[in-house]
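Contents: one structure, followed by commentary.
What follows draws every value from the coordinates through simple rules; no lab data is involved. Computed from a predicted model, the values in this text were never measured in an experiment. Cβ coordinates were reconstructed from backbone atoms using ideal geometry, including for glycine residues, and neighbour counts include every protein chain displayed.
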Amino acid sequence: MKTAAVLGATGGMGNALTEALIERNIKPIAFARSKENLINKQMEWGLSKEDIMEGDALNQQDVAQVVSKADVVFHTMNIPYQDWEPNLSTILSNVLEECRKQNKPFVYVDNIYSYGLQDSKVTETARKNPHTKKGKLRQRLLDQIGRSNIPYIIAHFPDFYGPHTGNTQLHYTLEQIVNKKSGRFVGKTDIQREFIYIKDGARALVDLALKEEAYGEVWNIPGAGTITGKEIERIASSYLEKEIALKPVHKWMIQAMGLFNPFMKEYVEMMYLNETPVILDGSKYEKIIGPVPKTPYEEGIRETLKFIMENKKVSS
């Protein structure tokens, strides 16, 4: 792999993946809708104008062009919940069709929604049990990839956190912590949850894509164990040198916000993940690929808080 198309390059995982590819001396082709965001990131990444491409994945011609430039295609795109249908399926169809036509391997970044309710740590062979609208949609997308007759990798990740993660649950909490002595934490603060430092996830994904035996398979990429909201409070309090208190956001609160916020309205059904979390088993990755990169939560949360504080200073 000498070149890699990163679809959704200015998003959280897209940005981290672009950086991880550069670390491995693999040329990224950064694809995103916003030309302004791409130009800003181009300077940060140290890429040339030829290495970025403005385009819309809903447009087949744009997809065909970016796929033609790369040896491997990484799909890191996501869109707001309220826009998932039919757009996620249309985007995936466009990308899979061009990968098939141009004989390009395909790497797909996925969440844990298709696993549904699970009783224990889940392996890739666990029976998928999606019971929500979003979980069932994600499963249909996975089935679509499985039927595509192209070399593919499907990688399941827990919720991301870290620099540039944007609209993720833990990033939302950490941004609030920086600005005041308290923050909202979705779910109870005493339940063990799994998050993954986004740079670890990106590096693990590149390692997967470089292994021929990884294709045609589904992979779990876990975080550095589990953590509670109470432990996050302790880490943040120590780093910021002030007492931090996290206030739980309960399901009824999400439902109330959903009356005015379309994203929150769509999020309600996913609250089960904060009550009965899905924890990923990464033993398959460890056995076949090698150690999963695992930044300890103490270090990852401190780095994220530092990033938020530095960017707050720049914008103020």
So the strands (runs of 3 or more DSSP E) completely within the range 119-208 holding 1 or more residues that are out of contact with any helix residue (DSSP H, G or I) (no Cβ under 6 Å at 6 or more places or on another chain) are 152-156, 182-186, 195-197
Tell me, please, whether a residue that is in contact (Cβ under 8 Å) with a residue 40 or more places away in the chain, β-branched (V, I, T), over 15 Å from K121 (Cβ atoms) and assigned to a helix (DSSP H, G or I) can be found in the range 265-284. no
Give the residues of the range 180-219 that are touching a strand residue (DSSP E or B) at 6+ places or on another chain (Cβ under 7 Å), closer than 17 Å to T304 by Cα and in contact (Cβ under 8 Å) with a residue 40 or more places away in the chain, sorted by residue number. K181, S182, G183, R184, F185, E194, F195, Y197, I198, G201
Within the range 20-118, considering only helices (runs of 4 or more DSSP H) that don't extend past its boundaries, which have at least 2 residues that are farther than 15 Å from Q144 by Cβ and among the aliphatic types (A, V, I, L, M)? 35-45, 60-68
Touching a residue at least 40 places away in the same chain (Cβ under 8 Å), crowded, with 16+ Cβ neighbours inside 10 Å, of a type in the set (D, E, K, R) and more than 17 Å from R140 (Cα to Cα), is that true of K69? yes
Identity of the residue in the range 121-148, farther than 22 Å from R100 by Cβ, touching a residue at least 24 places away in the same chain (Cβ under 8 Å) and of a type in the set (S, T, N, Q), that ends up surrounded by the most Cβ atoms within 10 Å (Cβ to Cβ): T132
Select from the range 180-202 the residues that are under 13 Å from L246 (Cα atoms) and polar (S, T, N, Q) and list them in ascending order. S182, T189
Among the candidates K27, K2, K35, which residue alone is surrounded by 17 or more Cβ atoms within 10 Å (Cβ to Cβ) and over 28 Å from R138 (Cβ atoms)? K27
